Every structure is written in structure tokens, then in C-alpha cells.
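First the structure, in the form of C-alpha cells, and then the observations on it.
The values are calculated or read from the model by the stated rules, or taken from the named source; none is laboratory data. Fair warning: this is a prediction, and the values are worked out from it, not measured in the lab. Cβ sites come from the backbone with ideal geometry, for glycine too, and all protein chains shown count toward neighbours. When the accessible area is computed, the model is the full protein with side chains, heavy atoms only, and any ligands, DNA or RNA have been set aside. Shrake-Rupley method; radii C 1.70, N 1.55, O 1.52, S 1.80 Å.
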Amino acid sequence: MNQKKELLLLQTILDDNSWLEEVTLNANMFKVYPEVAQFIFNKYADNKEVSFADVMFNFENIQLGSEVVADFVGIAEDFISEYRRDEEVLYLKATLDMIEKGSGVEEARIALEKKQVELDGGFNTDVTYRYSQFRTYIDDINNNYTIREEGGVVMTELTKFNKIMGGYREGRFNVIAARPGMGKTSLMIQEAYDLVRQGVPVLFYSLEMTATELIAKLANIATGISYKRQISGEMSKDELEFLTKFSSELYELPLFIVDNKNKWYQIKDDVQRKIRKYGIKVVVFDYVQLINMPGANTLEQISQLSTEIKRLALNNKICCVGISQMSRDSDKGGRSFPKSSDLRGSGQLEQDADFIAFPWRYEAIDILEDPATGESLVNRTDIYITKNRHGDSFKKIPCDYDFQRSRIQEIN
């Protein structure tokens with residue numbers, strides 16, 4: 001067979017797999033496209049449908065790092081272009097037949113447009129849509145591979161926490177939750193500060209504190225100067241000068257704090273605007289239950305908000321972090337550990353989150369030693385990971401809490 005005959009035969013099979021039941025073929029009969037033919041026959045032999053999308057995906061020029069896995073992009077393009085041309089010619093012939101048999105020109109034109117729409121719709125569904133999904137998958141895992149190989153995943157000082165989480169990756173919705181006083185906001189201020197010092201732009205929505213209060217907490221983490229002393233003004237002249245110098249250095253970092261928006265439509269527009277202007281990579285909401293979202297009740301509001309935040313992360317290729325309160329039921333039973341269902345307001349939040357972690361300061365719930373081992377839990381603030389869609393979950397990361405700096409430090 002020549003190239004044109006091979007294309008025609010393989011196109012016919014891809015368009016309607018049932019042809020393989022009518023004829024006996026093997027890859028040795030194909031001299032121009034034996035790899036493509038063998039792929040089609042193998043897949044069909046496994047009782048699987050095979051389509052143009054499969055050919056495009058499997059014979060695309062795919063790389064993993066610097067290694068070329070396959071280099072058949074031209075073949076796939078030939079199949080698609082030839083197929084479309086052939087189909088369009090057939091539809092034109094069918095329309096001309098209608099006219100010859102007495103149908104009006106306008107009626108034939110409508111029929112031709114309808115068939116063209118069917119062709120385009122079938123083509124897009126079978127090839128463009130499916131292929132784009134698989135191509136995105138290959139690009140994503142290739143990107144992940146390259147990032148890992150080059151050490152490009154941005155890690156904070158909480159290395160174990162970040163390693164399990166996989167870093168602050170695009171499209172993710174992470175939730176940090178805890179009871180009051182456990183340090184959930186301090187944890188994310190600490191993480192945000194570590195990220196911006198490495199050049200990662202972070203947008204922080206503070207719905208519970210003013211920007212001044214949040215920066216004071218950040219300054220406490222960075223310098224050790226007490227938050228209370230900053231807010232009350234009980235500082236020495238040297239400390240005041242030191243904080244002034246620190247604030248000028250902080251100004252140069254890509255940290256953007258917003259404390260004057262609480263309606264979701266305002267926040268969403270603001271996020272997208274700042275992504276375009278500053279290249280934001282991580283967005284923190286402190287905390288999600290304070291965001292004003294339309295809904296008949298709290299359950300409905302939080303459910304809709306959770307879905308919106310997840311969609312925001314996916315559509316804009318950013319990492320969203322929602323700081324969340326825990327439900328009142330979590331206080332019952334005297335438990336000394338958290339679980340994902342403790343999230344306040346909606347099970348949807350638990351469902352949408354890619355990653356859920358709880359900072360857990362035992363002193364805040366009057367547990368001063370481990371009942372099983374007798375080990376002191378004073379200053380201990382472990383991080384419990386209760387959900388991780390992309391890695392290990394049900395993990396506990398032992399940490400100490402530095403009260404002077406309000407900073408969590410992993411125990412080696």
C-alpha cells in the first residue's frame with residue numbers, strides 16, 4: 001500500500017472500529033505507518049475503543065525531562081488534517097446530490113451547515129477536547145519532574161510540612177484549621193514570610209485583624225519583639241528603630257495585605273487584578289468563615305465559598321490557603337487530636353480541600369504531658385495532616401512553639 005491508501009484505511013478504522021471485524025489486518029502490511037497501525041491493533045485487541053484522540057496523544061512528541069519519549073507529531077497531524085478534508089468533501093458531495101435530486105439551494109445550504117457543525121462538534125469532542133486534557137496532564141507531570149530535578153520547589157523552614165504538602169503548588173486549595181489560640185494565623189504568617197523572602201508573591205486577606213496588627217505579628221515572628229509591646233507602644237528607642245528598619249525591608253518584599261474587603265465578589269476581582277499586576281502565586285484567606293457570601297444560611301454560604309475558592313485556584317493557577325475555624329462539636333469528647341470533619345460550617349470545605357492541616361498546641365487545651373509516655377507537651381505544637389490528596393495523610397509532625405517569636409519549629 002502507498003501512503004494515501006494506508007492513511008485512508010487507518011482513518012476508516014479510527015472512524016469506525018467495527019471495520020476491524022470485517023477485515024484481517026496486521027502491522028506488517030503498513031510500510032509508512034507501521035507503528036500507528038500496531039498501536040491501533042493492540043488497543044483494539046484489548047477490547048478497547050481507539051480514536052483519533054488516542055493516536056494524537058500516543059504519537060505526540062512527548063518528553064520527560066530532556067529525554068524524548070516519542071516523536072510522531074507529524075503523523076498525528078496528517079491523520080487529523082486528512083480526515084477532516086475527506087469528511088468535508090463527502091459532505092459537499094452529499095449536498096450536491098440533494099440539489100441534483102430537486103432540493104432547493106437554501107435547503108441544501110442549511111443541511112450542509114448542520115453537517116459541518118456535526119463534524120466540528122464530533123472532531124472537537126473526540127480529539128481537541130480529550131487531547132487537550134491529556135496534553136495538559138503530560139505538561140504538568142513533565143513540569144513537576146523538571147521542578148524536582150532542578151530543585152525548584154519553593155520550601156519554607158518547615159521542611160517536613162512542605163515536603164508532605166508538596167510545596168505551595170498551583171491549582172491547590174489548602175486548609176489550615178484550629179481552635180482559637182492554637183496558632184493557625186501565626187503559622188500562615190510565618191509561611192507567607194518565608195515564601196516572600198524567596199521571591200514568591202503572596203496575597204494575604206486579613207478579615208479578623210487590621211493590616212497593622214498582622215504586620216506586628218509578622219514583625220514578632222521575624223524579630224522577636226513582642227506583639228503586645230508593639231501594639232501598646234511599650235518599646236525601647238532601639239527596638240523602635242529596629243522595627244522601622246525592618247518595615248522598610250519588608251516593603252521591598254512581594255507581600256500584599258488586604259484588610260478592607262470581606263465580600264467574595266470584591267475579593268475575587270481583587271485577586272485576579274493582583275495576579276495580572278503582581279504575578280501572585282499564593283493567596284491566604286484569614287479566615288474563610290468571615291468572608292461574606294450570598295446564601296440562605298451559613299452551611300450554604302460556606303459550601304458555595306469553598307467551591308469558589310477551589311475554582312479560583314484552578315482557573316488562575318495559584319495556590320489558595322483558607323484559614324478555618326473548627327466546629328463547636330470538636331470541643332466534645334475531650335479528644336487530644338483533630339480530624340477533617342472538625343472544620344466549621346460545611347462538609348464541602350473538607351471535600352474541596354486538597355490538603356488539610358491542624359496546628360495543635362496542647363497547652364491550649366490543658367494537656368501538659370503525653371498520657372501514654374509521660375513526655376512533656378509544654379511548648380509543643382504538633383501539626384496534624386488529616387487530608388492530602390496528592391501525598392501522605394494522617395501524619396503528625398512534631399513541633400515546638402517559640403513563644404518569644406510566636407513561631408513553630410519542627411523537631412528533628
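Here Phe173 meets the list (1) open to solvent by less than 10 Å² (accessible area, probe 1.4 Å); (2) at pLDDT 90 or above; (3) under 26 Å from Arg380 (Cα atoms) almost entirely, failing just condition (3).
Assess whether Asn412 counts as being at pLDDT below 85, open to solvent by 40 Å² or more (accessible area, probe 1.4 Å) and under 21 Å from Gly166 (Cα atoms).
On the way: at pLDDT below 85: yes; open to solvent by 40 Å² or more (accessible area, probe 1.4 Å): yes; under 21 Å from Gly166 (Cα atoms): yes.
Yes.
For region 304-328, residues that are among the polar types (S, T, N, Q) and under 16 Å from Lys268 (Cα atoms) total 5. Taking first residues from region 191-210 that are touching a residue at least 40 places away in the same chain (Cβ under 8 Å) and closer than 21 Å to Ser324 by Cβ and partners that are among the aliphatic types (A, V, I, L, M) and part of a loop (DSSP other than H, G, I, E, B), the Cβ contacts under 6 Å between residues at least 6 apart in sequence or on separate chains come to Leu203/Ile280.
Quick grid of which residues meet (1) open to solvent by 50 Å² or more (accessible area, probe 1.4 Å); (2) of a type in the set (Asp, Glu):
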{"position": "Gln198", "(1), (2)": "yes, no"}
{"position": "Thr210", "(1), (2)": "yes, no"}
{"position": "Glu234", "(1), (2)": "yes, yes"}
{"position": "Thr244", "(1), (2)": "yes, no"}
{"position": "Ser247", "(1), (2)": "yes, no"}
{"position": "Asp270", "(1), (2)": "no, yes"}
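Of the residues that sit in region 318-343 and are modelled with pLDDT under 70 and either closer than 20 Å to Thr381 by Cβ or crowded, with 21+ Cβ neighbours inside 10 Å (or both), which one is nearest to the chain's Cα centre (by Cα)? Here the residue is Ser330.
One line per residue, one yes/no per condition, for (1) aliphatic (A, V, I, L, M); (2) under 31 Å from the mean Cα position of the chain (by Cα):
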{"residue": "Ile189", "(1), (2)": "yes, yes"}
{"residue": "Pro201", "(1), (2)": "no, yes"}
{"residue": "Tyr205", "(1), (2)": "no, yes"}
{"residue": "Ala211", "(1), (2)": "yes, yes"}
{"residue": "Asn220", "(1), (2)": "no, no"}
{"residue": "Ser226", "(1), (2)": "no, no"}
{"residue": "Arg229", "(1), (2)": "no, no"}
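Give me the residue from region 349-402 that is part of a loop (DSSP other than H, G, I, E, B) and small (Gly, Ala, Ser) and, out of that set, least open to solvent (accessible area, probe 1.4 Å). Steps first, please.
So in region 349-402, the residues part of a loop (DSSP other than H, G, I, E, B) come out as 353-354, 366-368, 370-375, 377-379, 389-394, 398.
Of the ones still in play, those that are also small (Gly, Ala, Ser) are 353, 372, 374, 391, 393.
Working: Ala353: 0, Ala372: 91, Gly374: 42, Gly391: 40, Ser393: 37 Å².
Filtering region 349-402 for residues that are part of a loop (DSSP other than H, G, I, E, B) and small (Gly, Ala, Ser), the one least open to solvent (accessible area, probe 1.4 Å) comes out as Ala353.
For region 199-220, enumerate the residues that are part of a strand (DSSP E or B) and among the β-branched types (Val, Ile, Thr). Scanning region 199-220 gives a single hit, Val202. Gly181 falls short on exactly one of the conditions (1) open to solvent by 20 Å² or more (accessible area, probe 1.4 Å); (2) modelled with pLDDT of 90 or more; (3) on the phi > 0 side of the Ramachandran plot, and that condition is (2).
Checking the condition at pLDDT 75 or above, of a type in the set (S, T, N, Q) and surrounded by 12 or more Cβ atoms within 10 Å (Cβ to Cβ), which residue from Asn28, Asn17, Asn61 passes? Can you show your working first?
Working: Asn28 fails: surrounded by 12 or more Cβ atoms within 10 Å (Cβ to Cβ); Asn61 fails: at pLDDT 75 or above.
Just one listed residue meets the conditions, Asn17.
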